[in-house]
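Notes for the one structure printed next.
We did not get these values from a lab; they are worked out from the coordinates using the rules stated. A quick note: this is a predicted structure, and the numbers were derived from the prediction, not measured. Cβ placement follows ideal geometry from the backbone for every residue including glycine, while neighbour counts extend to all protein chains displayed.
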There are 2 protein chains.
Amino acid sequence: MAAESQRKATVSSTVEDYLKVVLKIEDMKQRASTSRVARHLEVADATVTDMLRKLKKAGLLEYKPYYGATLTREGRRMAVRILRRHRLLEMFLHQVLGYGWEQVHQEAERLEHAVSDLFISRIDALLDFPSQDPHGEAIPDARGFRQVEDDLCLAEAEPGSYSVRKVTNSDPEFLAYLDRVGLRPATRLSLQEKAPFQGPLKLLPESGREPVYLGLEACRSIFVLPRKDRPPASASAPDGPASREAGTRGSRK
Amino acid sequence: MAAESQRKATVSSTVEDYLKVVLKIEDMKQRASTSRVARHLEVADATVTDMLRKLKKAGLLEYKPYYGATLTREGRRMAVRILRRHRLLEMFLHQVLGYGWEQVHQEAERLEHAVSDLFISRIDALLDFPSQDPHGEAIPDARGFRQVEDDLCLAEAEPGSYSVRKVTNSDPEFLAYLDRVGLRPATRLSLQEKAPFQGPLKLLPESGREPVYLGLEACRSIFVLPRKDRPPASASAPDGPASREAGTRGSRK
DNA sequence: GAAATTTATTAGACTGATCTAAAAATGAGG
DNA sequence: CCTCATTTTTAGATCAGTCTAATAAATTTC
């Protein structure tokens, strides 16, 4: 008998973190090499080599020495489960406990390993089965299905009118800054020029404020949706004027 | 340079568990001996000996070989902090996420080590600063102050009228049973006889149902408050009408 | 395509929390 | 006060996750 194990494999939170990182790297269409994984987790390369071998043995990923790791079906299932927990928790912290979007990541990072499935299903229901977290990232559903997201990275966008879809960077400082200048999911903005190789990119958030200048790196973590109306227009959108105002519950301090 | 350390000592969740257990034992007015701590934590005695020495070195408790441990001021502060988190979390799970009182303990046991102070203060406010958890146990306040509780243990109570104050036993089976027979904090009940050495004690919960019989051990985890009206009376208590139709003596079947 | 550079793996060690088995204190009874 | 049972500690190991330093494979560069 060899094809026995089915469900229930309970893993340490360390293992969950490794799987999460490999998934994240694969999602960015990069190779999950030892050093890349090590950078994400902030551990030594040697530690990762070791761990990847263990995870391979556990059947959670494929591992080719000098190449890197690839999640197996089971490994991906677990990774997506954690991703779901993480994002659902972020949403919960934001909506129910009033956390700012720059505060949710760190807390969710700890809770995702500690809460039970019951907890997750209760907050899912309490939040009415949300499909996105406070940063605009999609929350996988309970079966592990994920929406396909082919968003446009601001760093590659042509001049035009857009709205912010998601921000993939959890640095609190950075998020707090975006918040301050009025850039959050659903914010409308117009872009005058294509992102330069170096130097800041000029944005005009609809919020009417002054232009915002962002470095290339910053732009890489902002994803947008094109809007079908030209940059400097007056009244047009039928779904409400200065909407954006709610969400992003204050707190801070 | 010697009297430096003040706050901030961050400890592992294992250490938190040891402190919690020592506090619990001290609260029961027992000696926190190696083996008693070991039994509570379900680890080997040798492990405890080791750990107690480390905790002593860390200044969290006194430790006398062959005698046991006593929390220091700092150790007690930490232990009470965890107790507060635990009970506040239980209340939160019960009130906000709809957990049954037999489900809250296990989840809180994991969360108490994972949530931040911000999380705790948010749920505290959300629950409107509760003073008791779902089992009727007092929640220490944010400064670490604890209400003095001198409750009467059902195992020692004289016949009379009481109401349930708290239940100190987190076994889900047991709690689910109490729930089924209608015994929970604030339930009124009358006691016909004093707890026997062996055999079940007969209780009459006000909820009108049949008498309930509880073993001595079970009675030890139930604490009650005397009510000021005698068993077989008619009208008297100003805090409720036809309270206790205390008659019902024995009979019923 | 050989040398230089980068990336990855091996080797050896450490830390924290745990265990088992053996030795040593403690404390009760005679 | 001596012996026996109980409780506690010591000794020696294990396991997971991590590190550093040394070595080896892969890749890039000239």
Requested in this report: List A:Tyr99, A:Tyr63 from most exposed to least, where exposure is judged by having the fewest other Cβ atoms within 10 Å.
Outcome: A:Tyr63, A:Tyr99
Requested in this report: Tabulate in residue order the Karplus-calculated ³J(HN,Hα) for segment A:104-119, using 6.51 cos²θ - 1.76 cosθ + 1.60 with θ = phi - 60°, rounded to whole Hz; enter x for Gly and Pro.
Outcome: 5, 4, 4, 5, 5, 4, 7, 5, 4, 8, 9, 7, 8, 5, 4, 4
**Report entry** Position A:Thr70, label points 7 Å along Cα→Cβ, spacing to each other copy in nm (shortest first, one decimal)
**Finding:** 6.5
Report task. Determine one quarter of the surface area of the Cα convex hull of segment B:109-214, which equals its mean projected area, and express it in nm² to one decimal. Result -> 8.4 nm²
Query raised in the report: Which percent of Cα pairs goes in each bin when the distances of segment B:52-159 are cut into 10 angstrom slices starting at zero?
Result: 14, 36, 30, 18, 2
Query raised in the report: For B:Asp151, which inter-copy label distances result when the label point lies 7 Å beyond Cα on the Cα-to-Cβ vector, reported in nm to one decimal and in ascending order?
Result: 5.0
Report task. Mind pulling up the Rg/Rh value for segment B:1-121? Radius of gyration and Kirkwood radius, both on Cα. Result -> 1.01
Query raised in the report: What pairs from A:Lys24/A:Lys194; A:Lys29/A:Lys64; B:Lys29/B:Lys64; B:Lys20/B:Lys54 go past 19 Å between their alpha carbons?
Result: A:Lys24/A:Lys194
Report task. Using the number of other C-beta atoms within 10 angstrom as an exposure proxy, rank A:Phe174, B:Phe145 with the fewest first. Result -> B:Phe145, A:Phe174
**Report entry** Alpha-carbon centroid distance for the pair segment A:103-177 / segment A:18-85, whole angstrom
**Finding:** 21 Å
Report task. Report, by chain and number, residues whose modeled amide H sits under 5 Å from the one on B:Gly215, excluding near sequence neighbours (fewer than 5 apart, same chain). Result -> B:Leu201
Query raised in the report: segment B:1-101: which GluC sites (Glu not before Pro) are DSSP loop and have at most 15 other beta-carbon atoms within 10 angstrom?
Result: B:Glu4, B:Glu42
**Report entry** Whole-Å semi-axes of the ellipsoid equivalent to segment B:13-71 (Cα gyration tensor, √5λ, descending)
**Finding:** 14, 13, 12
Query raised in the report: Hey, for A:Tyr177 with labels 7 Å out along Cα-Cβ, what do the inter-copy distances come to in nm, ordered shortest first?
Result: 6.2
Query raised in the report: Could you give me the ³J(HN,Hα) list for segment A:36-43, computed from phi with Karplus coefficients 6.51, -1.76, 1.60 and θ = phi - 60°, whole Hz, x at Gly and Pro?
Result: 5, 4, 4, 5, 4, 8, 6, 10
Report summary line: If B:Cys153, A:Cys219 are placed from fewest to most neighbouring beta carbons inside 10 Å, the sequence is B:Cys153, A:Cys219
Report task. Go through segment A:167-173 residue by residue and turn each phi into a ³J(HN,Hα) via Karplus (6.51, -1.76, 1.60, θ = phi - 60°); whole Hz please, and just put x for glycine and proline. Result -> 10, 10, 5, 10, 5, x, 4
Query - Compactness of segment B:152-226 - radius of gyration and Dmax, Cα, Å - result: 10.8, 28
Report summary line: Output field shielding_mean for A:96-102 (other chain Cβ, 10 Å radius) holds 3
